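Report on the structure given below.
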Amino acid sequence: MIPVTHYLILSALLFSVGVAGVISSRNLIVMFMSIELMLNAANLSIIAFSRYLNIMDGHVIVFLVLTVAAAEAAVGLAIIIAIFRNRATINADRFSLFKR
Amino acid sequence: MMLETAVFYAAAVIAVFGAIMMVLQRNPVASVLYLILSLVAQAVLYVQLAAMFVGSLLIIIYAGAILVLFLFVIMLLNLRGEKIEQEKSPIPTATKLILSLLFFVELVMIFRQFSTMPTSEYITDAGWQFGDVVPVAELLFTKYLYPFELTSILLLVAIVGAVIMAKREKGEDEGEM
């Protein structure tokens, strides 16, 4: 059987790609998708742990995380639509309210 | 045993490839499609980890619903042509890459302590296998009944929030879109 560390390192790699996407991308949609990717990377390690510890509770937790991700996507995309309607751009540099 | 390793490495490479291409793409539609590729590869890994139910949920909910919602929004805003020009950022790209690389190294250091974790075999009852719909549903409706019911409230709040957020204000440039 594949050692659990393989799955964990894969999950760490996916999470780091998500982090890189959030901090380097200027496109709001790509930033948002990177956040979804990070959620999925965490899910992968939860599933790996629940398999190797033989506890199925991890599956329920992943189920709840999927629900949260769906809610987050709905609200986040609504925010993006509202921003686009006001500023006509999804470039994250263009609507930073705090920067002057 | 050989097949298991081969499937793991193939799915892992595809998942990481899809994730990296998603970040690098300029076109948001291609970005979404690469994320779907990555998610399907992750679903393969879920199935390999005996999580049949959650793996199919990942494809049905994530690839089927959430990412299609992303595609809808991209089409709705007509972003296909928009070029997101890179403005001069105060932080150079190399610094960002090094930061995420350091983050990866940090995570690997943490995960190394699990290398001695023993591998165990599936719990298999007469009627079901580990990770099937029946045992997960049983947990969901007994031990985790309360959080499960709370998710319905979460989804309700999300629906109301999304409708209010995306609603056009009265009298604000109507008939434009």
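Can you tell me which of (1) touching a residue at least 40 places away in the same chain (Cβ under 8 Å); (2) facing chain B (nearest Cβ under 7 Å); (3) under 14 Å from the mean Cα position of the chain (by Cα) is the one A:Ala48 doesn't meet?
The number of the failed condition is (3).
Working only within segment A:1-11, note down all residues that are without any contact (Cβ under 8 Å) to a residue 40 or more places away in the chain and buried (at least 23 other Cβ atoms within 10 Å of the Cβ).
Selection gives A:Leu10, A:Ser11.
Would you check which residues across segment B:97-128 are at pLDDT below 85 and at the interface with chain A (Cβ under 7 Å from one of its Cβ atoms) and list them?
B:Phe114, B:Ser115, B:Met117, B:Thr119, B:Ser120, B:Ile123
Select, from A:Val17, A:Val30, the only residue that is at the interface with chain B (Cβ under 7 Å from one of its Cβ atoms), without any contact (Cβ under 8 Å) to a residue 12 or more places away in the chain and in a helix (DSSP H, G or I).
Being at the interface with chain B (Cβ under 7 Å from one of its Cβ atoms), without any contact (Cβ under 8 Å) to a residue 12 or more places away in the chain and in a helix (DSSP H, G or I) holds for just one of A:Val17, A:Val30, which is A:Val30.
For A:Asp57, indicate whether it is of a type in the set (D, E, K, R), surrounded by fewer than 20 Cβ atoms within 10 Å (Cβ to Cβ) and in contact with a helix residue (DSSP H, G or I) (Cβ under 7 Å, 6 or more places away or on another chain).
Judged against the criteria, A:Asp57 is a match.
Going residue by residue through segment A:74-88, is there one that turns out to be in a helix (DSSP H, G or I), closer than 30 Å to B:Glu149 by Cα and among the basic types (Lys, Arg)?
No, segment A:74-88 has no match at all.
Considering only residues of segment A:74-87 that are crowded, with 19+ Cβ neighbours inside 10 Å and touching a residue at least 40 places away in the same chain (Cβ under 8 Å), which is farthest from the other protein chains (Cβ to nearest Cβ)?
Here the residue is A:Gly76.
Could you please find all residues in segment A:33-42 being surrounded by 21 or more Cβ atoms within 10 Å (Cβ to Cβ) and more than 8 Å from chain B (Cβ to nearest Cβ)?
Selection gives A:Ala41 alone.
The values are calculated or read from the model by the stated rules, or taken from the named source; none is laboratory data. Computed from a prediction, not measured in an experiment: that's the story for all the values here. We place every Cβ from the backbone using ideal geometry, glycine too, and count neighbours over all the protein chains shown.
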